[in-house]
Amino acid sequence: MKKINARGLDCPEPVVLTKKALKDNEEVITIVDNKAAANNVKKLAKKLGAEAEINEIENDYEINIKNNENKHKNEQKDSTAKVYFFKSDKLGKGADELGDVLIKGFLHTLLETDPLPEKLIFINSGVKIVTENEDAIESLQELEDKGVNILACGTCLDYYGIEDQLAVGEISNMYEIVESLNSFKVVTV
Amino acid sequence: MGPKTLSQVLRQVDFFTEDEDLLIGLGTADDATVYKIDEERAIIQSVDFFTPVVNDPYIFGQVAAANAISDIYAMGGKPFLAMNIVCFPSCLEDEVLVEILKGGAAKVKEAGATIAGGHTVKDDEPKYGLSVSGFVQRENILPNSKAKKGDKLILTKPIGTGIYASAIKGDLCEGGKNNPAVRNMLTLNDKAVDPMHANNVRSCTDVTGFGLLGHMVEMARGSNSTLTLYSDKVPFIEGVRDYAEMGLVPGGAYDNKDNFLGDTDIANDLDEVVIDMLFDPQTSGGLLISVPEDKASDLLIDLYANGVEEAAVIGEVTGEKAKVIVE
């Protein structure tokens with residue numbers, strides 16, 4: 001059991017501290033000194049599928065949280081997990097050179113995000129990123145090492161005749177792609 | 001300050017506002033003051049400043065300026081002059097202030113106005129904003145108090161910047177230009193002004209600290225009308241629902257709920273998370289527009305054509321009693 005003193009802290013601190021504590025503890029008690037913060041911590045618990053109870057003690061609020069789902073954590077799909085959907089080999093519409101630079105920067109920045117995306121899906125000319133764009137491939141390899149699933153559309157690789165040049169990730173089919181787009185939050189790039 | 005405390009304080013002070021050229025003053029809790037210049041023209045004046053909502057000082061400067069200028073657009077005018085207001089701690093590097101001011105200047109320039117000066121005060125926490133002046137043809141003044149039964153209500157930007165600001169503060173998302181809420185806050189409301197004048201818009205206000213519902217209540221009170229909001233039609237910034245569910249609801253949203261809930265009838269089955277989002281205090285929010293029904297589709301078309309692509313009809317004026325109904 002972990003106790004967090006979040007008195008005197010403004011939103012979002014109490015929520016952020018509780019969220020961190022719940023990663024490693026089955027039971028967390030967060031103490032805050034205002035009702036808004038107490039409600040926010042309770043919302044967090046609900047979102048994470050944990051039980052929470054608010055007790056008013058003098059001028060403070062103690063939120064007792066029991067994280068029942070902890071054991072099943074890995075099986076549970078994180079509702080914030082995202083799939084990035086790359087529909088072209090450039091980022092945005094405009095000059096091609098700029099689009100190239102941006103896609104490298106984008107993938108590099110993606111490495112810094114927390115949580116990391118669940119999957120990256122490349123379709124149409126997007127597959128050129130996983131075959132030719134060296135800098136991008138470097139970032140993608142790092143992402144793959146960190147457990148991000150990288151999928152390239154097989155039909156598209158075939159169309160551009162670059163099926164044998166896949167440098168990172170795996171070849172995927174439309175069924176798997178549609179399935180992924182349906183089961184996660186999708187960010188279209 | 002919250003609207004309740006503020007009105008309690010203001011009630012005790014005589015501001016000697018008998019000047020008959022003062023067209024819009026404190027009376028209707030409008031976005032800005034409007035003062036008659038001559039038979040055709042009036043000057044609009046407003047001031048707004050606040051603590052950083054994002055970490056990047058240049059972006060903060062831009063957002064603060066977009067937010068301050070917005071009041072001029074909400075009254076139907078165009079800005080021409082602005083003055084900086086700065087509070088800055090001695091422990092921060094000057095470079096930070098340079099970036100804030102650069103951001104503000106860039107946004108004011110984008111709006112076609114000029115920064116003519118300003119004032120700085122030493123303070124523990126940085127704050128930045130501007131006092132902005134604008135011109136308006138008197139026939140084009142858009143108060144928040146003329147909504148009429150039968151009007152459609154249009155919102156020009158999606159909701160959720162307050163919750164996003166909490167998520168940025170909590171490091172749950174990055175606060176750079178790619179953040180959808182940051183993009184939202186950086187967008188000026190300038191492109192909505194001409195379409196409003198071309199389509200007989202009756203009333204307009206910008207959605208800021210009191211949240212969508214708070215500003216609807218103020219429009220309902222000012223206009224003595226019932227505003228009905230269709231919550232499923234309200235555009236929200238992508239991803240904001242997740243953060244709201246996670247409890248990243250700013251204290252201001254709870255204050256707004258306390259202050260305005262009494263003037264709202266909210267459908268019993270409405271999701272708690274949606275209510276939180278509807279009360280979320282906005283920074284540099286969109287315009288809430290009341291337009292005669294027969295002009296609503298023309299206005300939407302003009303807004304889209306002018307680049308205000310996220311505008312949506314979110315409700316209508318359904319009665320003559322001052323309140324807000326949420327369905």
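Here, each number is a calculation from the coordinates, and none is a lab measurement. The shown structure was predicted, so the numbers you read here are calculated from the model rather than taken from an experiment. Virtual Cβ from ideal backbone geometry, glycine too; neighbours counted across all protein chains shown.
Here are a few things to note about the model shown:
- Chain B: relative contact order in percent, alpha carbon pairs under 8 Å with at least 6 residues between: 24 percent
- Here the Karplus curve 6.51 cos²θ - 1.76 cosθ + 1.60, taken at θ = phi - 60°, turns the phi angles of segment B:68-77 into couplings of 5, 5, 3, 4, 5, 4, 5, 8, x, x Hz, with x standing for Gly and Pro.
- Among the GluC sites (Glu not before Pro) in segment A:1-73, those placed in a DSSP loop whose Cβ has at most 12 other Cβ atoms within 10 Å are A:GLU58.
- Helix A:134-145 axis versus longest C-alpha principal axis of chain A: approximately 40°, rounded to the nearest ten.
- Percent of beta bridges antiparallel (DSSP, the protein assembly as shown, rounded to nearest 5): 60 percent
- Degrees between helix A:174-183 axis and first principal axis of chain A (Cα, 0 to 90, nearest 10): 20 degrees
- Among the chymotrypsin sites (Phe, Trp or Tyr not before Pro) found in segment B:8-41, those both in a DSSP coil and sparsely packed, with 15 or fewer other Cβ atoms within 10 Å of their Cβ, are B:PHE15, B:PHE16.
- Rounded, prolate or oblate (a/c below 1.5 giving rounded, otherwise prolate when a/b exceeds b/c) for segment A:82-188 by Cα gyration tensor: rounded
- Using only alpha carbons, the protein assembly as shown has a radius of gyration to Kirkwood radius ratio (Rg to Rh) of 1.00.
- When only the Cβ of Lys, Arg, Asp and Glu is charged (+1, +1, -1, -1), the dipole of segment A:2-72 relative to its Cα centre reaches about 380 debye.
- Among B:PHE279, A:PHE122, a tally of other beta-carbon atoms within 10 Å of each Cβ gives an order, fewest to most, of B:PHE279, A:PHE122.
- Amide H contacts of A:ASP10: none lie under 5 Å away among residues 5 or more positions distant or on a separate chain (H built 1.01 Å from N in the peptide plane; Pro and chain starts excluded).
- Relative contact order (percent, whole number), segment B:152-326, Cα cutoff 8 Å, 6+ residue spacing: 48 percent
- Neighbourhood charge, 13 Å Cβ-Cβ cut-off, centred on A:GLY161 and excluding it, Lys, Arg +1 and Asp, Glu -1: -3
- Top positive-direction residue, dipole computed over the protein assembly as shown with Cβ charges, set A:MET174, B:LEU213, B:SER145: B:SER145
- For chain A, the alpha carbon convex hull comes to 134 Å³ per residue, rounded to a whole number.
- Cα gyration tensor shape of segment B:152-326, rounded if a/c is under 1.5, else prolate or oblate by comparing a/b with b/c: oblate
- Three semi-axes of the equivalent ellipsoid, segment B:264-304, Cα gyration tensor, whole Å, largest first: 27, 16, 9
- Rounded to 5, the percent of DSSP beta bridges in segment A:2-72 classed as antiparallel: 75 percent
- Based on DSSP H segments of at least four residues, each scored -39500 (n - 2.57), chain B has a per-residue ellipticity at 222 nm of -10500 deg cm²/dmol.
- Ellipticity estimate at 222 nm from DSSP helix runs (n ≥ 4, -39,500 (n - 2.57)) divided over chain A, nearest 500: -11000 deg cm²/dmol
- Under 13 Å, Cβ to Cβ, from B:THR114 - net charge with Lys/Arg +1 and Asp/Glu -1: +2
- Net charge in the neighbourhood of B:ARG202 (other residues with Cβ under 10 Å of its Cβ; Lys, Arg +1, Asp, Glu -1) is +2.
- Residue among B:LEU270, B:PHE260, B:ASN224 farthest towards the positive dipole end of segment B:199-327, charges placed on Cβ: B:ASN224
- Alpha carbon centroid spacing (whole Å) that separates segment B:43-76 from segment B:268-327: 21 Å
- Under the shape rule built on the C-alpha gyration tensor, where the axes satisfy a ≥ b ≥ c, chain B is rounded, since a/c falls short of 1.5.
- About its Cα centre, the protein assembly as shown has a charge dipole of approximately 780 debye under the convention of +1 per Lys or Arg Cβ and -1 per Asp or Glu Cβ, with nothing else charged.
- Size of electric dipole in chain B: Cβ of Lys, Arg +1 and of Asp, Glu -1, about Cα centre, debye, nearest 20: 380 debye
- In sequence order, segment A:44-59 has phi-based couplings of 4, 4, 4, 4, 8, x, 9, 8, 9, 9, 9, 10, 8, 10, 6, 9 Hz under the Karplus curve 6.51 cos²θ - 1.76 cosθ + 1.60, θ = phi - 60°, and Gly or Pro positions carry x.
- Mean separation of Cα contacts under 8 Å (6+ apart) over length of segment A:1-150, as relative contact order %: 16 percent
- For the set B:LYS4/B:LYS157; A:LYS20/A:LYS119; B:LYS149/B:LYS321; A:LYS119/A:LYS146; A:LYS23/A:LYS46; A:LYS20/B:LYS127, the pairs lying more than 20 angstrom apart at their alpha carbons are B:LYS4/B:LYS157; A:LYS20/A:LYS119; A:LYS20/B:LYS127.
- The loop-placed GluC sites (Glu not before Pro) in segment B:1-105, going by DSSP, that have at most 16 neighbouring Cβ atoms within 10 Å of their Cβ come out as B:GLU18, B:GLU20, B:GLU39, B:GLU40, B:GLU93.
- Listed residue (A:VAL130, B:LEU155, B:ALA244) projecting farthest to the positive dipole end of the protein assembly as shown, Cβ model: B:LEU155
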